Amino acid sequence: MHMADALVSPAIGGIMLAASAGAIAYSAYKCKDDLDEKKIPLMGVMGAVIFAGQMINFTIPGTGSSGHIGGGILLAALLGPFPAFLAITAVLLIQSLFFADGGLLALGCNIWNMGFYACLLVYPLVFRPIVKKGFTPTRLTVASIVSVVLALSCGAFSVVLETLASGITELPFSTFVGMMMPIHLVIGTVEGIVTGAILVFVYKMRPEILESSLENSKLTPGVSLKKVMLSLLVFAVVLGGAISLFASANPDGLEWAMQRVAGTSELEASDSVHNAFAGIQQATAFLPDYGFKSGSEEGSAAGTSFSGLLGAGVTLLLAGGTGYLIYAVKHKKKNQPEA
Amino acid sequence: MANISDSMSTINSLEEMADGKTIIHQFHPMVKLVITLLYIVLVVSFDPYNITGLVFFAFYPVIMMALAEIPYKPLLTRLLVALPFAFFAGVSNIIFDRDLLFLIGTVPVTTGVISFFSIMIKTVFTVMAVLILIATTSLPQISYQLLSIKVPKLIVEQIMLTYRYISVLMQEVSNMYTAYMLRSPGAKGIKMKDMGIFVGQLLLKSFDRAENIYFAMKCRGYDGHYVYAKPDPMKSADWLFLLLTAGLLLLMRFFNLSQFIGSFL
Amino acid sequence: MLEIEKLSYVYPDGHNAIREIDLKINEGESVALVGANGAGKSSLFKLIIGISDIKEGSIKIGGLPVEKKTLKEIRKKVGMVFQNPDDQLFMTKVYDDIAFGPRNELLSDEEVEERVTGALEVLGITHLRDRMPHRLSGGEKRVIAIASVLSMKPEIILFDEPTSFLDPKARRNVINTLDKLKMTKIIATHDMDMALEICDRVIIMNQGSVFADGPVEKLLLDEELLLQCSLELPLCMQKLEKLERIKIEQNRQSLFSNQI
């Protein structure tokens, strides 16, 4: 479910980075207040456990396919919501850097989709109320399945929204949702069952672990958890609305910014200076808008004329050549002392 | 198991690359972080139908990799992992976006085809940029910089701790997995019904480990937060590199040089 | 100086880990703490360093009692090297790990630098300074764990199984390193040969109490005593014995053949 940089527009990426940064800052602030110092190494190690644990393949009976564990709900149950959110953020950052799982621009989206819903929304609103009356294997299993399915669905739905709002894919909304939701429902159920089994085992062996995280998830007296979560939810909805409005009007955030700066999206070929570049002017990167895509307007269509494509090919060759040249020069330099 | 040993060797090889001593390695981590982000933003900001301008951004990864002496092969393998989802998103464009642009011989080129290639190229470029960053700058270096842009210390500590224990935990998982598989011949993975105990055991061991780490920290005077060295300031060479590269990237973004070259052909 | 008086400790689960221990360890002594698994070595360490709370008896370090409010002071005087260096080294750079203790003392950057460099030089590992701990070998990690305690300039260092899981060369290196350190050392170990080599005194623990306490040469060569505590002679002694037995056998055989 990791989103890649290439599928996110700068505007969406930026907004989601800001939203996630806000959630991180709030969690860090909450932890600063009442985090047991003992938990700091624990959070780090648990992050590493999730990281490594996600690589364990297990076989799903009767299907021949395999699955792996998720992280959000499991971490939240073990650490409490805020520490879990921070731990998962660290995991996602490391994954994005080392494994090309998601990217830096899409990191905000990924933290939101895979961390926020599970740790800060579903855990306090669904998981916690179910097990609050006391841990039993049944309650733990039910809570895990329901929570993981919900968290994954929220995440998958957000992937759809964010991708569509970014305007990268032409996939219609209904098709996209139709593809994403059922599969994540299945994945969620399997993951939920496994999460439940893990938690039941941990509770059997060391009940105090789950109990303490449940207690730690309480907010300071006077602040109703529901209120905070509701306001977060409202914030998320408003944010979602803003994103889609913004995105539908401005398929390309940078273009939009340029438009604001230059007063027009098409930089006028002002008489003298740009005359020399008149040929290129038509094709400057930020000119084309969706209106051009019919190709009716001569030479435009986002600079995608045949000669443009040829130029692109030459460019790639040039780039490759430059790289080769640098390698060659470096290699020569290294060998010189020996010669 | 393939997954784990793959990941361990990926991390190892990237860490070894980050140990390099080339000019790119020596630039300030902040500079590389900013440039990488700028590069990604500029690349993804291209209109889906503008691949001629986009292609010019190939210069960045190519030059950086050559200067930093990063071998191509390991990065290209990582790239393959990232491509399938992009491919899926891109193919749908070919299906749903069928306005004809022009013909090459008798082969029609539609807007969908162009935007398909645009997505694929963007994927390649953005993934390369991130991998180049991590191949020239170690993760701890990057994390230190997060402190200087006021990212909460707690989250930086989390990144460092998680990173530190990934290799330890992967080794542990790999040992447990091997022990399990040796006793269950013919199995393709861990049986789902055993997962609770398998991961549960891993968790319990890790709780004990975390407790030991905590005690070891305590014995050395830890009291709730720890102090890092301040990151080195940026030198003038760093600023120069930053401004130059950022300038070039912006130039590449706003002047379609491919088109320019193409107009001479 | 470390003084332990009438120390007992019972874990919350009822396990009686330490029973009425009285001990006195003088400055500069190098003491081996041996005993079977579960004899109470680790529990004793945990009490000395204040990880477990003392409920019965007392521990004094240089006259200062180990208790909640003196812990900070105590931990400056007593350092502990954990058995698993992965537990001790949690930073992403060797330098930071060794600097962790000094920085917690809020020393200036220069002083921290001085402490770290000092520790690295004493142990002869300056070349590891900028490496990442998780990329080092087991032996290297051990030595760095020692450095991370050394940089705090403790008067006493507790070592928990410093030579376990090491290859012979790394083990030799750790032993030489320990031998170089001149402060008070208490080394919990199963490595009798190391104890024989670098310790002057040995304390044998059995089921939570001190079973024997005396000079190494005396206790570690007393096979009967060692066997009583599920221990055995140092391997070098076993080898000697075996050689001797072979010699006697050979003599007898030659006598026998002479008779024929």
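Before moving on, here are some points about what is shown:
- Largest-first ellipsoid semi-axes for region B:152-219, taking √(5λ) over the Cα gyration tensor eigenvalues, angstrom: 30, 13, 11
- Over region B:1-140, the ratio between the Cα radius of gyration and 2.2 N^0.38 Å evaluates to 1.21.
- Shielding of peptide B:9-17 by partners, expressed as the average count of other chain Cβ atoms within 10 Å per residue Cβ, is 2.
- Remark: C-alpha extents of region C:69-192 on the principal axes read 39, 32, 23 Å, sorted largest to smallest.
- Helix-only CD estimate at 222 nm, as mean residue ellipticity for the protein assembly as shown, using -39500 (n - 2.57) per DSSP H run (n ≥ 4): -20000 deg cm²/dmol
- A Förster radius of 30 Å, combined with the Cβ-Cβ distance separating A:Ser65 from A:Arg206, puts the computed FRET efficiency at roughly 0.40.
- Where B:Ser206, C:Ser137 fall by accessible area, highest first, once all protein chains stay in place (1.4 Å): C:Ser137, B:Ser206
- Amide proton proximity set for C:Val81, modelled H, under 5 Å, gap of 5+: C:Leu158, C:Phe159, C:Asp160
- Whether region C:2-233 is rounded, prolate or oblate, judged on the alpha carbon gyration tensor where a/c under 1.5 counts as rounded: oblate
- Among the listed pairs C:Lys72/C:Lys153; C:Lys46/C:Lys72; C:Lys41/C:Lys169; A:Lys333/B:Lys21, those with a Cα-Cα distance over 18 Å are C:Lys41/C:Lys169.
- Long-range amide H partners of A:Ile56 with built H, under 5 Å: A:Ile69
- Amide H contacts for C:Val202 (H built 1.01 Å from N in the peptide plane; partners 5 or more residues away or on another chain; cut-off under 5 Å): C:Ala32, C:Gly214, C:Val216.
- Per residue value of the accessible surface for chain C (all protein chains in place, 1.4 Å probe), Å²: 48
- Computed from the C-beta positions of C:Leu235 and C:Arg131 and an R0 of 51 Å, the FRET efficiency is 0.95 to the nearest 0.05.
- Low-density loop cleavage sites - trypsin sites (Lys or Arg not before Pro) in region B:167-205, where at most 16 other Cβ are within 10 Å (DSSP): B:Arg183, B:Lys188
- Modelled label reach - B:Ser148, point 7 Å along Cα→Cβ, region B:3-31 residues with backbone N closer than 13 Å: B:27-31
- Annotation: the antiparallel percentage among DSSP beta bridges lying fully within the protein assembly as shown is about 55.
- This model, with +1 at the C-beta of Lys and Arg and -1 at the C-beta of Asp and Glu, gives region B:152-219 a dipole about its Cα centre of some 160 debye.
- Number of partner chain Cβ atoms within 10 Å, mean per residue of A:53-64: 6
- Counting only lysines at least 8 places from B:Lys150 when in the same chain, those with an alpha carbon closer than 20 Å to its own are A:Lys30, A:Lys32, B:Lys32, B:Lys230.
- Lysine-lysine proximity count for region B:152-219, Cα under 22 Å, sequence distance 8 or more or distinct chains: 4
- Values of log10 I(q)/I(0), in the order q = 0.11, 0.15 Å⁻¹, for chain B under a Debye, Cα-only, solvent-free model: -0.85, -1.21
- The packing ranking of peptides A:152-160, C:160-168, highest mean first, is A:152-160, C:160-168, where packing means the average number of other beta carbon atoms within 10 angstrom of each residue.
- The fraction of Cα-Cα pairs per 10 angstrom bin, counted from 0 for region A:1-132, comes to 13, 39, 35, 12, 1 percent, rounded to whole percents.
- Build a GNM of chain C with springs between Cα atoms under 10 Å apart, and of C:Gly139, C:Gly50, C:Gly62 the one that fluctuates most is C:Gly62.
- Derived scalar couplings ³J(HN,Hα) [region A:14-26; Karplus, 6.51 cos²θ - 1.76 cosθ + 1.60; whole Hz; x for Gly, Pro]: x, 4, 5, 4, 5, 4, 5, 4, x, 5, 5, 4, 5
- Chain B and chain A together bury an accessible surface of about 9900 square angstrom, both sides counted, with a 1.4 Å probe and no ligands or nucleic acids included.
- Region C:1-109: trypsin sites (Lys or Arg not before Pro) falling in loop per DSSP and having at most 15 other Cβ within 10 Å: C:Lys55
- Overall shape of region B:72-177 was characterised from the C-alpha gyration tensor. The equivalent ellipsoid obtained from it has semi-axes of 40, 18, 13 Å, in decreasing order.
- Spacing of the two label points (7 Å from each Cα toward its C-beta) at C:Asp13 and C:Asp200, in nm: 4.0
- Look at the stretch A:317-328: the mean tally of other chain Cβ atoms within 10 Å of its residues' Cβ atoms is 5.
- 3J(HN,Hα) along region C:83-90, derived from phi through the Karplus expression 6.51 cos²θ - 1.76 cosθ + 1.60 where θ = phi - 60°, amounts to 5, 9, x, 5, 7, 7, 9, 10 Hz, with x in place of Gly and Pro.
- Nearby aspartates and glutamates by direct alpha-carbon distance to C:Lys218 (threshold 18 angstrom, same-chain neighbours under 8 apart not counted): C:Glu29, C:Asp191, C:Asp193, C:Glu197, C:Asp200, C:Glu232, C:Glu241
- In terms of its Cα atoms, the protein assembly as shown spans 113, 78, 67 Å along the principal axes, sorted from long to short.
The values are calculated or read from the model by the stated rules, or taken from the named source; none is laboratory data. The structure presented is a predicted model; accordingly, all values stated were derived computationally and were not measured. Cβ coordinates were reconstructed from backbone atoms using ideal geometry, including for glycine residues, and neighbour counts include every protein chain displayed. SASA here: full protein model, heavy atoms, side chains in, ligands and nucleic acids out. Shrake-Rupley method; radii C 1.70, N 1.55, O 1.52, S 1.80 Å.
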